[in-house]
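Notes for the one structure printed next.
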Amino acid sequence: MKIKRIIKIGLVIFILIAVTILAICVKNYISQKRELKESKMQLKESMQNFSMLIESENLDDLTLTIYYMSFFILTRGYLSANDLINYTCDNKIVVSGELLKEHIDLLKQLGSVNLEPVIKKSYLDARLYYIFETEEDGKILDVVICLGSTFVNGIKVKYNKVLYNVLIPFLTEDARNELEMYFGHIY
């Protein structure tokens, strides 16, 4: 009798644990789907705003600022975009709207890119950070390129060659060579 009772209690406990685990998995799945949908909407809005600015061809107020450090340098910890800015003050490139106008086709290509968000969590270890901004609106678009991942306006996205190619005309020869060595032929 005791054995049957123990088996019944064990079965009930097993079912409760299984239902609890299933409920947690379903909740996480729904949460990830919602997060993915929100990320897609935010990316789409960001890229549309950037695209509208580029399509207006009024780039006088637009600047591109690039901060970078070698992908081959080891650091003691992970670098945020702000850490990279503070750490690489020597490796800073500022591109004026006048020079950006000369590469309007490349900027239009960036504005029309379809970025896919990634839900998989990862650390931010910034090695290349660039920002398009205007004096009036502030930051329009920022991209953080890390070891193994890319973030656009704070959202992790799948690799897209255009995010790298847009920088090529503005980088130093050494920086271009290093990007090519690290990522392979990117342009």
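The values are calculated or read from the model by the stated rules, or taken from the named source; none is laboratory data. Since the structure is predicted, the reported quantities are computational estimates derived from the model, not experimental observations. Methodologically, a virtual Cβ is constructed for each residue, glycine included, from the backbone with ideal geometry; neighbour enumeration extends over all protein chains shown.
Comparison of SER39, SER46, SER31, SER70 shows that the only residue that is surrounded by 10 or more Cβ atoms within 10 Å (Cβ to Cβ), within 30 Å of GLU173 (Cβ to Cβ) and among the hydroxyl-bearing types (Ser, Thr, Tyr) is SER70. Tallying residues that are surrounded by fewer than 17 Cβ atoms within 10 Å (Cβ to Cβ), touching a residue at least 60 places away in the same chain (Cβ under 8 Å) and hydroxyl-bearing (Ser, Thr, Tyr) within region 112-137 yields 2.
Filtered by the rule that a residue be in contact with a Phe, Trp or Tyr (Cβ under 7 Å, 6 or more places away or on another chain), assigned to a helix (DSSP H, G or I), buried (at least 16 other Cβ atoms within 10 Å of the Cβ) and of a type outside the set (D, E, K, R), region 166-181 gives ALA175, LEU179. Residues that are under 16 Å from LEU43 (Cβ atoms) and hydroxyl-bearing (Ser, Thr, Tyr) within region 120-153 comprise SER149, THR150, listed in sequence order.
Residues checked against (1) over 26 Å from SER149 (Cα atoms); (2) part of a loop (DSSP other than H, G, I, E, B); (3) without any contact (Cβ under 8 Å) to a residue 40 or more places away in the chain:
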position: VAL12; (1), (2), (3): yes, no, yes
position: LEU16; (1), (2), (3): yes, no, yes
position: SER31; (1), (2), (3): no, no, yes
position: GLN42; (1), (2), (3): no, no, no
position: GLU55; (1), (2), (3): yes, no, no
position: LEU64; (1), (2), (3): no, no, no
position: PHE72; (1), (2), (3): no, yes, no
position: THR75; (1), (2), (3): no, yes, no
position: ILE93; (1), (2), (3): no, no, no
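When LYS156, LYS108 are checked against the criterion of being of a type in the set (D, E, K, R), in contact with a strand residue (DSSP E or B) (Cβ under 7 Å, 6 or more places away or on another chain), closer than 18 Å to SER46 by Cβ and modelled with pLDDT of 85 or more, LYS156 stands alone in meeting it.
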